[in-house]
Amino acid sequence: MSLKFGDLRTLGAAYWIVVAIGAALTLARFSEAFLILRAQSTGLSLALAPLVLVVMNIVYSLSAYPLGALSDQIDRKLILALGFATLIVSDIVLAVASNVLGVMAGVALWGLHMGMTQGLLAALVADEAPIDLRATSFGVFNFVSGIALLLASLIAGALWETVGPYATFMAGAAFTAVGLVGTAVALRR
């Protein structure tokens with residue numbers, strides 16, 4: 001079966017709101033490579049740099065299932081909003097951290113936000129997509145998210161090079177706050 005662009009119109013407004021939320025969150029969450037760079041900027045040796053992703057992924061994997069199960073019990077919008085708020089706190093911690101332990105705390109919060117949002121966004125795509133276009137819906141969602149990640153990483157890289165790590169992570173917090181407000185408005189409708 002091939003993609004027909006006319007099918008995209010049948011996906012519905014609720015689906016496109018989920019895509020917009022995913023794009024907003026991805027714009028606020030640039031590449032995890034910046035987490036490694038941040039840890040190195042506070043003294044973590046190159047040999048230990050993989051620990052950054054290990055910490056993030058352990059927290060992500062340990063939190064994803066229980067938070068996913070919780071999202072089946074309570075309002076998913078609340079968990080999504082808490083995921084945005086956790087990313088804001090993570091970015092602020094990463095911006096102001098003066099040592100590796102502070103960076104690792106921010107990295108752990110980054111992993112927690114992923115556990116709160118990534119599976120939930122996938123569930124929301126599945127909830128809002130017509131059954132006959134579910135694969136297309138995931139493809140479009142991931143395509144839009146990929147473009148947002150590329151843009152976010154370009155912006156983060158430019159900020160890192162011109163101003164420094166503090167500005168990069170504070171901009172991430174600001175983008176996340178804007179995304180949270182936009183998401184709250186969109187989900188009320």
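We did not get these values from a lab; they are worked out from the coordinates using the rules stated. Bear in mind the structure is a predicted one, so any value in this text is a computation, not a measurement. As a convention, Cβ positions derive from the backbone with ideal geometry for all residues, glycine included, and neighbour counts pool all protein chains shown.
Calculated FRET efficiency, L62 to I131, Cβ-Cβ distance, R0 = 25 Å: about 0.20 to the nearest 0.05. Per the Kirkwood formula applied to alpha carbons, region 101-143 shows a radius of gyration over Rh ratio, Rg over Rh, of 1.23. Magnitude of the charge dipole for the chain, about its Cα centre and with charges confined to Cβ atoms of Lys, Arg (+1) and Asp, Glu (-1), is about 220 debye.
Full extension of the chain between W16 and L51 yields a length gain of 9.0 nm, computed as 0.36 nm times the residue separation minus the alpha carbon distance.
Normalised radius of gyration (Cα atoms, divided by 2.2 N^0.38 Å) for region 73-184: 1.18. The distance between label points at F138 and N99 comes to 4.4 nm (points 7 Å beyond Cα on the Cα→Cβ vector).
Compute the long axis of helix 134-162 from its Cα atoms, compare it with the longest principal axis of the Cα atoms of the chain, and write down the angle in degrees, 0 to 90, nearest 10. It is inclined by approximately 30 degrees.
Compute the helix-to-body angle for 100-128: its Cα long axis versus the longest principal axis of the chain, expressed 0 to 90° and rounded to tens. Here the helix axis deviates by roughly 0 degrees. Taken over the chain, the alpha-carbon convex hull comes to 122 cubic angstrom per residue. FRET efficiency for the pair Q40 and T162, taken as 1/(1 + (r/R0)^6) with r the Cβ-Cβ distance and R0 = 22 Å, rounds to 0.75. Which is farthest toward the positive dipole end of region 46-189 among A105, L87, V55, measuring Cα position about the Cα centre, with Cβ charges +1 (Lys, Arg) and -1 (Asp, Glu)? About the Cα centre, the residue reaching furthest to the positive side is L87. Each Cα pair under 8 Å and six or more residues apart adds its separation to the average, and for the chain the resulting relative contact order is 37 percent. Region 1-71 gives an Rg/Rh value of 1.17, both radii derived from C-alpha positions and Rh following Kirkwood. Helix 165-188 and the long axis of the chain differ in direction by around 20°, with both axes built from C-alpha atoms.
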